[in-house]
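Just so you know, all these numbers are worked out from the coordinates, no wet-lab data involved. Just so we're clear, the structure is a prediction, and the values are computed from it rather than from any experiment. Cβ: placed from backbone, ideal geometry, glycine included. Neighbour counts: every protein chain shown.
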């Protein structure tokens, strides 16, 4: 019929009034490849809805005009600016009122969802009466705001518990996880799931016929939001959340629970008001600032490959141990043809068996699992070398063995193939001897466990070509990993900054300080795992290998526990015995940590002795140019070592606490314990200090 609505034209919205009286509104944010709510787009939508209220079509469909997804959420760059100029309250209120206008329309409304539907995208869909989603694998629906230090503030936290019941709603918001269309349908968030090509027709049919939600869903939604239910459920939620997100570090999940508990029984405007006030307060916290910064760091890392195509179809991995086998498995899972080679078939068989376990967990559709598994093939004779576009060497940490392998591999390689090493600490200048094409040789350092750790270090050397580096960055993006280019000095970035931290933990352990006390101090600071448990998890054998490279380079003494290769059967978690004993549970093995005596008091300087060596080496890495910027250093530390995300990374933490104050603490520790605490070069850098007003 018409391509606009009664003469109104918009920059970000397209309208089509159909012959049957249904209005289709398509979001197409101008000048952007992805739909995200800017304030301009919200203002336009508000104007459009006001006209819709007057014209009263038979129904309203909201969909995306962009093929890549529905709506990614709010424009976070704008929200950073709102926080700086104190207008966050206005921005939250505008989104709430606009979506509430949709909720109050006197005719049926439906959101037609295809592709990503995050944050504000999910919230506008919740303001509609119905939701229909495509069954395409790319369709993911979520409310991830808790990962940004806030919670859904455009009506999402007010509406979702009343729609699907409080337990499911709060779980979705507290975890921030993405839901497939089928999972969203199962919990009652989506009313219908159809093929992508049927999406609009299904939305229109839903408008005309409606749908009655099952009685069980309606009853659950009512019962779990009563005053009594909120008083009973909220403390349980708090207890569960506190295990992973202490209130002092991550206030947003606790604020979400408290807001629902105290105001969940109000009418919609009362709930929206409480939601807005809580989110505005959270948005101004250092935690929110740092988590939003981390989001942009992730986007920066994903873009490191630029527009360079990786041109990689076949990956060949040499070394079927835990790391090599898991790199091969993950690459196959992410869509690449992979061959994995080792000197004996039994090692390959072990890698393939572990691969089947990952495929069983990750590939939920059993009909597709066999095709995924078929992409990974054992290759005892190395026939895949000649076909590979990327070779990943993952054999023992021995420079001579690696160089011998490269000499046998390189004559078989395709002209444009990249040869890479997964070495964890050996400088690439030691490994590139006799390589004919050093421009196509780099480090590609994954972390254990490969399926869970998001970071990959791209290790540079002075003959590496820019094109090779960008191809590797693009490959990392293709396998859903975050690349950080680093200088090829011993330990690179992650192991280098972790080493003094773990070394000091082992030193304290040798002094008789209980491992549980050391680990508790680290997790209280915000680390995901204590360093004694981490040493066992990485493996005492691996730690010993890293020690041999890094201790001489950094001039540090190694305590007895790490100064020699571990005895057989005592390598840590993998053997069931290390610094801790490990026991098997239904969820895997866990360390048995002797309980601390009730009267035990940890040394006052325990946290400083752990964290300051880490910060000290981070400063040295920045000074030595191991990474190109403070942003990339913080990102590498967070995604590679688990450094407390709410602190924003080691450099951001130094700025917040004060470089001069931390430097004085280091000097005091040096005076008491010796040269290992001597301040490393770089503490005088202006990059460590916040700009003065």
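For segment 13-284, the Stokes-Einstein estimate of translational diffusion at 20 °C and a viscosity of 1.002 mPa s comes to 115 µm²/s, using the Kirkwood hydrodynamic radius over alpha-carbon pairs. Contact order for the chain, expressed relative to its length and based on alpha carbon pairs under 8 Å spaced 6+ residues apart, stands at 8 percent. Please give the residues of segment 514-544, grouped as numeric ranges, whose backbone N is less than 18 Å from a label point set 7 Å along the Cα-to-Cβ vector of residue 598. Residues passing the 18 Å test: none. A Förster radius of 25 Å, combined with the Cβ-Cβ distance separating residue 434 from residue 624, puts the computed FRET efficiency at roughly 0.35.
Over segment 13-284, calculate the relative contact order: mean separation of alpha carbon pairs under 8 Å at least 6 apart, over the residue count, as a percent. Result for segment 13-284 is 17 percent.
A full extension of the chain between residue 343 and residue 377 corresponds to an added length of 10.7 nm, given 0.36 nm per residue minus the alpha carbon distance.
When the Cα convex hull of segment 314-486 is projected onto planes of every orientation, the mean area is 8.9 nm².
Could you state the angle between the C-alpha long axis of helix 88-103 and the longest principal axis of the C-alpha atoms of the chain, as a value from 0 to 90 degrees rounded to the nearest 10? Compared with the principal axis, the helix lies near 50 degrees. Restricting the calculation to Cα atoms, every distinct pair contributes to the Kirkwood radius of segment 228-290, found to be 12.3 Å. Could you tell me the relative contact order of segment 314-486? Use alpha-carbon pairs under 8 Å, at least six residues apart, and round to a whole percent. Value for segment 314-486: 20 percent.
Counted residue by residue at 0.36 nm each, then reduced by the alpha carbon distance between them, the extension gain from residue 308 to residue 511 reaches 67.9 nm. For a test of the definition: using alpha carbon positions, the gyration tensor, and the 1.5 limit on a/c, classify segment 183-251 as rounded, prolate or oblate. Taking the square roots of the gyration eigenvalues as a ≥ b ≥ c, segment 183-251 is oblate. In terms of surrounding Cβ atoms within a 10 Å radius of their Cβ, 553, 639 rank from fewest to most as 553, 639. Taking the number of Cβ atoms within 10 Å of each Cβ as an exposure proxy, the fewest-first ranking of 397, 469 is 397, 469.
Shown is the FRET efficiency for residue 28 and residue 467, computed with R0 = 41 Å from the Cβ-Cβ distance and rounded to the nearest 0.05: 0.75. With respect to the chain, whose longest principal axis is taken over its alpha-carbon atoms, helix 630-641 is tilted by about 80°. With R₀ set to 60 Å, the beta-carbon distance separating residue 9 from residue 565 gives a calculated FRET efficiency near 0.25. Size descriptors for segment 582-659 (Cα atoms only): Rg and Dmax, in that order, 16.8, 47 Å. The long axis of helix 166-175 is offset from the longest Cα principal axis of the chain by roughly 40 degrees. Kirkwood radius and radius of gyration were both taken over the C-alpha atoms of segment 369-441, and their ratio Rg/Rh is 1.00.
With neighbour counts taken as other beta-carbon atoms within 10 Å, the residues 476, 128 rank, fewest first, as 128, 476. How many percent of all Cα-Cα pairs in the chain sit more than 40 Å apart? Tail fraction, whole percent: 39. In the chain, helical runs assigned H by DSSP with n ≥ 4 each contribute -39500 (n - 2.57); averaged across all residues and rounded to the nearest 500, the mean residue ellipticity at 222 nm is -15000 deg cm²/dmol. Distance between the 7 Å Cα→Cβ label points at residue 90 and residue 366: 5.8 nm.
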